[in-house]
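The values are calculated or read from the model by the stated rules, or taken from the named source; none is laboratory data. This is a predicted model, so every value here is computed, not measured. Counting neighbours? That spans all protein chains shown, and the Cβs are built from the backbone with ideal geometry, glycine included. SASA here: full protein model, heavy atoms, side chains in, ligands and nucleic acids out. Shrake-Rupley method; radii C 1.70, N 1.55, O 1.52, S 1.80 Å.
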Amino acid sequence: MKAMVLNQLRTPLEWTDLPDREPGPGQVRVKMLACGVCRTDLHVVDGELPDPHVPIIPGHQIVGRIDAIGQGVDCLTMGERVGIPWLGQTDGTCPYCRMHRENLCDHPIFTGFTRDGGFATATIADARFALPLGEVGSDVSLAPLLCAGLIGWRSLSLAGDGKRLGLYGFGAAAHIIAQVAHWQGRSVFGFTRPGNHATQEFARTVGAIWAGGSDELPPEPLDAAIIFAPVGTLVPLALKAVRKGGRVVCAGIHMSDIPSFRYELLWEERELLSVANLTRQDGIDFLRQVPKMGIVTRTTEYKLQDANQALADLRAGRFEGAAVLVP
Ligand SMILES: [Zn+2]
Ligand SMILES: [Zn+2]
């Protein structure tokens with residue numbers, strides 16, 4: 001197999017030949033067809049997440065086909081198309097797993113962070129955490145659904161069912177969730193970097209009824225807001241934009257410091273919460289509805305060996321929507 005390997009934090013990934021791997025008991029080997037590039041991959045490369053592992057193959061939005069099956073796997077078949085998301089494995093026994101909150105597991109394995117991921121021609125996954133994808137939709141168009149879509153979906157669920165929804169940071173996740181929220185009959189308000197008119201226009205094309213800078217207030221108070229950008233200064237701005245009793249959801253795994261703010265921004269029962277990881281049930285619930293929602297993902301394709309370029313372009317905001325690697 002070939003892979004783009006992170007050998008040292010804060011250095012470019014290296015194109016590497018590796019011996020083929022065999023799936024162990026309960027595992028499958030998946031031949032990569034497409035792998036989305038996520039902001040979390042930047043946090044992995046930059047060493048911004050706790051307890052980084054190197055060397056590691058990043059990538060956790062993997063669309064692939066099963067080409068080897070380990071002992072004891074009976075839920076998947078050879079050649080089946082599956083998605084491998086960020087949550088790679090849980091212990092199943094800790095208090096969080098027992099209360100059906102496996103996204104908070106005490107001993108998780110994360111694809112592309114603590115287990116090798118999808119910036120490779122093949123990957124090994126725990127069969128129980130592989131999500132069957134069926135045959136509807138292209139490999140590239142489905143890849144961004146596996147994190148941007150899934151974490152976005154969980155964030156949207158936690159935002160409640162208010163009609164007026166603000167999305168701060170209009171990248172891969174927001175462009176999917178705007179379409180989902182639109183399909184649910186909500187009104188979407190898109191917030192971008194001040195003055196970024198191109199992305200504001202993009203937000204309108206995927207269903208936002210209003211788009212503006214994050215320093216602006218929406219034309220009417222929001223019921224809820226989701227912050228996808230890893231920028232702590234957005235928290236008080238979003239709190240200011242939601243109504244009494246409104247909710248602000250921080251969707252990212254990493255965020256710059258949140259500046260201090262006046263208590264009255266939180267008062268009147270506004271709520272501030274974060275979203276961590278996903279559960280398998282999130283994946284099943286979301287993917288079951290995807291065919292009905294008519295989501296059109298905007299993707300920019302890169303060859304697998306150009307992963308460093310994809311990461312650099314994501315960092316610089318040089319494309320709208322999501323970057324996807326293909327072998
Ligand atoms: Zn657990
Ligand atoms: Zn991700």
Margin query: If I histogram all Cα-Cα distances within the range 1-122 using bins 10 Å wide from 0, what percent of pairs lands in each bin?
Written below: 14, 41, 35, 11, 0
Check: Just by accessible area at a 1.4 angstrom probe, what is the order of Trp183, Trp153, Trp267 from largest to smallest?
Finding: Trp267, Trp183, Trp153
Item checked: Nearest-10 value in Å² for the accessible area of Tyr96, using the 1.4 Å probe -> 80
Note to self: I want the antiparallel fraction of DSSP beta bridges within the chain, as a percent rounded to 5.
What the structure shows: 50
Check: So how do His60, His53 rank on accessible area, 1.4 Å probe, biggest first, that is with the largest at the start?
Finding: His53, His60
Notebook entry, point to check: Farthest toward the dipole's positive end in the chain, which of Leu217, Val73, Val231, given Cβ charges of +1 (Lys, Arg) and -1 (Asp, Glu) about the Cα centre?
Noted result: Leu217
Checklist line | Positive dipole terminus of the range 85-188, leading residue within Gln89, Leu131, His182 (C-beta point charges) | finding: His182
Next item on the list: Would you mind listing how long the range 120-278 runs along its three principal axes, going by Cα atoms, in whole Å with the largest first?
Entry: 50, 30, 27
Margin query: For the range 189-327, take the convex hull of the Cα atoms, compute a quarter of its surface area, and give me that in nm², please.
Written below: 10.2
Next item on the list: Provide the per residue accessible area, probe 1.4 Å, for the chain, rounded to a whole number of square angstrom.
Entry: 43
Next item on the list: Starting at the first residue of the range 17-29, write each ³J(HN,Hα) from the Karplus equation 6.51 cos²θ - 1.76 cosθ + 1.60 with θ = phi - 60°, in whole Hz, x for Gly and Pro.
Entry: 8, 10, x, 4, 10, 10, x, x, x, x, 10, 10, 9
Notebook entry, point to check: Put Thr121, Thr40 in order of accessible area, largest first, 1.4 Å probe: what do you get?
Noted result: Thr121, Thr40
Item checked: Residue-level accessible surface for Lys303, protein heavy atoms, 1.4 Å, Å² -> 100
Note to self: Taking every pair of distinct Cα atoms and averaging 1/r, then inverting, what Kirkwood hydrodynamic radius in Å comes out for the chain?
What the structure shows: 19.9
Next item on the list: Pull up the DSSP beta bridges for the range 1-128 and report the antiparallel fraction as a percent, rounded to 5.
Entry: 95
Notebook entry, point to check: What aspartates and glutamates sit close enough to Lys163 to cross-link, taking a C-alpha to C-alpha distance under 17 Å and skipping anything fewer than 8 places away on the same chain?
Noted result: Glu220, Asp223, Glu271
Notebook entry, point to check: Over the Cα atoms of the range 272-327, Rg to Rh with Kirkwood Rh, two decimal places?
Noted result: 1.08
Checklist line | Percent breakdown of C-alpha pair distances by 5 Å bin, ordered from the shortest bin, for the range 1-43 | finding: 5, 15, 19, 24, 21, 13, 2
Item checked: Net charge of Cβ neighbours under 15 Å - reference Arg247; Lys, Arg +1; Asp, Glu -1 -> +3
Item checked: Protection-proxy order for peptides 111-119, 292-300, each taking the mean of Cβ atoms within 10 Å per residue, highest first -> 111-119, 292-300
Next item on the list: Mind grabbing the accessible area of Glu269 for me, 1.4 Å probe, Å², rounded to tens?
Entry: 150
